[in-house]
Amino acid sequence: MCGIAGIVRNDGKPVDEQLLARMNNAIRHRGPDDDGFYVNGSVGLAMRRLAIIDLKSGAQPIHNQDRTSWIVFNGEIYNYLELREKLEQLGHTFYTNSDTEAIVHAYDQFGVDCPKHLRGMFAFAIWNERTQELFLARDRVGKKPILYAHVNGQLIFASEFSALLLHPEVSRDIQPEALDYYLSFMCIPAPLTAYRAIRKLEPGHWLRWRNGEIERQRYWQPDFTKKIDIDEEEAGERTVEILRDAVRVRLMSEVPLGAFLSGGIDSSAVVALMSQESSERVKTFSIGFEEQDFSELHHARRIAEHVGADHHEFIVRPDAVEVLPILVEHYGEPYADSSAVPTYYVAKETRKHVTVALNGDGGDESFAGYERYIAMGLTEKYRKVPSFLRESVIKETVNLIPSSAATRSRVKSAKRLLEVVSLPRVDRYTHWMSVFNEQTKQPLYSDLFRQQTQEADATGLLAQWFKRANGIGVVDAMLLTDQMTYLPNDLLVKVDIATMAVSLEARSPFLDHHVIEFAASLPQDLKLRRLTSKYLLKKVLRKLLPSENLNRRKMGFGVPIGHWFRGKMQPFLREVVLSEKALRRGLFKPEAVRQLVELHTRGERDYSHQLWTLLMLELWFNRFIDSH
């Protein structure tokens, strides 16, 4: 696991080697073990290495047979030995035992199609001296990041904003449209970033730079239209077989290895399979909170005892003043998924024991684990109920039942569902995915900010994936949309940044493209059956996991921010979002922000996620915009 950076100029001038070194040093945390450079006139590549495989000879940059192609690489390729054998049979000669060298030879052999031959997580850059072109590629689902700026014909790229923003020609001018998407989704969807000058290479894409021009192309996306004819028993057997293989290949390591364990279905399944495939006791790591409503430690402990793991637990007592500046610094643009806090803490503690940790990311997006999939089915059925009955009986009854603003409840979920039942499918989905929706943005936005963001369209961004679903069932359409938006833009960004901040490599068996493609080929009713999410996965895991872990309500990796904002974090919240500087920024109406704070802190409404989103936005402004 590594960090990469580079500069390619189109004017013939030499690359500033000191600048390249500073950019590389800015991502030292991604690879504290080593660094490496390739500089040749107007081309410069750099990398930081976290050594996992081929500790002795895997130093980068690595070149091909005749030293005409040079690569810097971030990630792991799990099929590199098979790929190497195939390439050797085609006449290629290797000088290391690393997975990195397999990529550069695959590029020589297959050209821009080389990413299709790779199984794993990757972001890499290859400079081709023969054709004078730079080739960038990112893995299928977006585990590993590449940011780039195309400025005056030159291409500047890096794994993180901290490196890219050191380049004097990369402007920090903000992109208002991106901030509007952020307020909807808590993150900024690729290819946008918070900066006009910087773009993200999208998952499943490659980019080629030559003579100052760039070309981008998608090389992969899951296909939900090609369903296989399979019965339930065989589907279950193949699910376990494919997932077991995905776990097995991710045990490849020359350094200590363990797993995050939340006690949920996905991480528990990974740990159970690890315990069967590993010759040693699996090291597991869990995190909890003093607030019991948000702690899953007892569920994780049950799994650890069940599989005989070497289990480690941590109780988080978050210090906002300490941790939030760290998170803001590493994410580099506004990011407001509050589960980044426990993810960072569990990564930090885990790194004290191991260098690699497996996790359960991706299971929900392939096997239909979120409650919104059930909610969509319920709203579809609810819409068939005669309108007079919907309005006069069901809706009024639910609205009469009180629900606490401070806690998670079925009643609150039911009210949230009824709010959108009359909307079209995509609008319902957008509403469930949004922190601020179009109705709540209207009283918040200033006239100027509303004008600057009028081209942003959160519903349209998601609707394109519903459209690309090509007429498949609504659950599969939601799965595809989640895999193409929520998963790479939110969850995978969270885990990559939080783990790499402490030099820990995270591996995700459920994100193996073999697992994703197989799940996509399954009939919808094997993933969601009536009110049972992850139907098939839960059924086949009965032989591996305790029933208590399979049958409990999904909790998620939440944090009690609503409670914190009414208690120990309230002074910090007020100091930041109600500061004179924040209120004069011109994005929001001051009275609207004050109202959100007051209604929440008095316990009259639950605006925890909205306030966290505003807090992280203002902290980003303070660090990256105001200070420069």
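For segment 270-284, the criterion of being in contact with a His (Cβ under 7 Å, 6 or more places away or on another chain) and either of a type outside the set (Gly, Ala, Ser) or over 25 Å from MET121 (Cα atoms) (or both) is satisfied by at least one residue. Within the set ASN64, ASN40, ASN79, ASN97, the sole residue that is closer than 21 Å to ALA158 by Cα and polar (S, T, N, Q) turns out to be ASN40.
Look at (1) within 17 Å of the chain's Cα centre (by Cα); (2) surrounded by 20 or more Cβ atoms within 10 Å (Cβ to Cβ); (3) over 28 Å from VAL328 (Cβ atoms) and you find that LEU192 fails only one, number (3). Taking the criterion of being of a type in the set (Gly, Ala, Ser), out of contact with any helix residue (DSSP H, G or I) (no Cβ under 7 Å at 6 or more places or on another chain) and under 16 Å from GLY58 (Cβ atoms), the residues of segment 1-47 that qualify are GLY31, GLY36.
For segment 330-383, the tally of residues that are in contact with a strand residue (DSSP E or B) (Cβ under 9 Å, 6 or more places away or on another chain) and on the phi > 0 side of the Ramachandran plot stands at 1. Among the strands (runs of 3 or more DSSP E) confined to segment 1-95, the ones with at least 2 residues that are at pLDDT 95 or above and more than 28 Å from the chain's Cα centre (by Cα) are located at 34-40, 43-49, 69-77. Any residue at all in segment 223-236 that's surrounded by fewer than 23 Cβ atoms within 10 Å (Cβ to Cβ), of a type outside the set (D, E, K, R) and in a helix (DSSP H, G or I)? Looking for residues that are surrounded by fewer than 23 Cβ atoms within 10 Å (Cβ to Cβ), of a type outside the set (D, E, K, R) and in a helix (DSSP H, G or I), one finds at least one in segment 223-236, hence yes. For segment 501-508, indicate whether the set of residues that are outside the structural domain of HIS353 (by TED's automatic domain parsing) and out of contact with any helix residue (DSSP H, G or I) (no Cβ under 8 Å at 6 or more places or on another chain) is non-empty. No, because not a single residue in segment 501-508 is outside the structural domain of HIS353 (by TED's automatic domain parsing) and out of contact with any helix residue (DSSP H, G or I) (no Cβ under 8 Å at 6 or more places or on another chain).
Here GLN65 does not fit the description of being crowded, with 24+ Cβ neighbours inside 10 Å and more than 19 Å from LEU147 (Cα to Cα).
If the condition is being farther than 13 Å from SER608 by Cα and among the hydrophobic types (A, V, I, L, M, F, W, C), then segment 561-576 contributes PHE572, VAL576.
Restricting the first member to segment 109-131 and to residues that are without any contact (Cβ under 8 Å) to a residue 60 or more places away in the chain and on the phi < 0 side of the Ramachandran plot, and the second to residues that are among the β-branched types (Val, Ile, Thr) and part of a helix (DSSP H, G or I), the beta-carbon pairs closer than 8 Å and six or more apart or on different chains are CYS114/ILE103; LEU118/ILE103; PHE122/ILE103; ILE126/ILE103; ILE126/VAL104.
Each row is one residue, and each column tells you yes or no for (1) modelled with pLDDT under 70; (2) basic (Lys, Arg); (3) loosely packed, with under 13 Cβ neighbours inside 10 Å.
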site	(1), (2), (3)
GLU396	yes, no, yes
SER403	yes, no, no
ARG410	yes, yes, yes
THR430	no, no, no
VAL435	no, no, no
GLN442	no, no, yes
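Condition first: under 12 Å from the mean Cα position of the chain (by Cα) and of a type in the set (A, V, I, L, M, F, W, C). Now tell me which residues in segment 494-509 satisfy that. The answer is VAL495, ILE497, ALA498, ALA506. Taken over segment 252-311, the residue count meeting the criterion of being surrounded by 15 or more Cβ atoms within 10 Å (Cβ to Cβ) and either in the same structural domain as SER98 (by TED's automatic domain parsing) or in a strand (DSSP E or B) (or both) is 12. Among the residues of segment 119-160, those that are over 17 Å from TRP70 (Cβ atoms) and surrounded by fewer than 24 Cβ atoms within 10 Å (Cβ to Cβ) comprise ARG119, GLY120, ALA149, HIS150, VAL151, ASN152, GLY153, GLN154. Restricting segment 237-251 to residues that are among the hydrophobic types (A, V, I, L, M, F, W, C) and not in a loop (DSSP other than H, G, I, E, B), the residue that is farthest from the chain's Cα centre (by Cα) is VAL240.
Taking residues in segment 310-327 that are modelled with pLDDT of 90 or more, and partners anywhere that are polar (S, T, N, Q) and surrounded by 13 or more Cβ atoms within 10 Å (Cβ to Cβ), the pairs with Cβ atoms closer than 6 Å and at least 6 places apart or on different chains are HIS311/THR284; GLU313/SER286.
The values are calculated or read from the model by the stated rules, or taken from the named source; none is laboratory data. Because the structure is a prediction, the values reported are computed rather than measured. We place every Cβ from the backbone using ideal geometry, glycine too, and count neighbours over all the protein chains shown.
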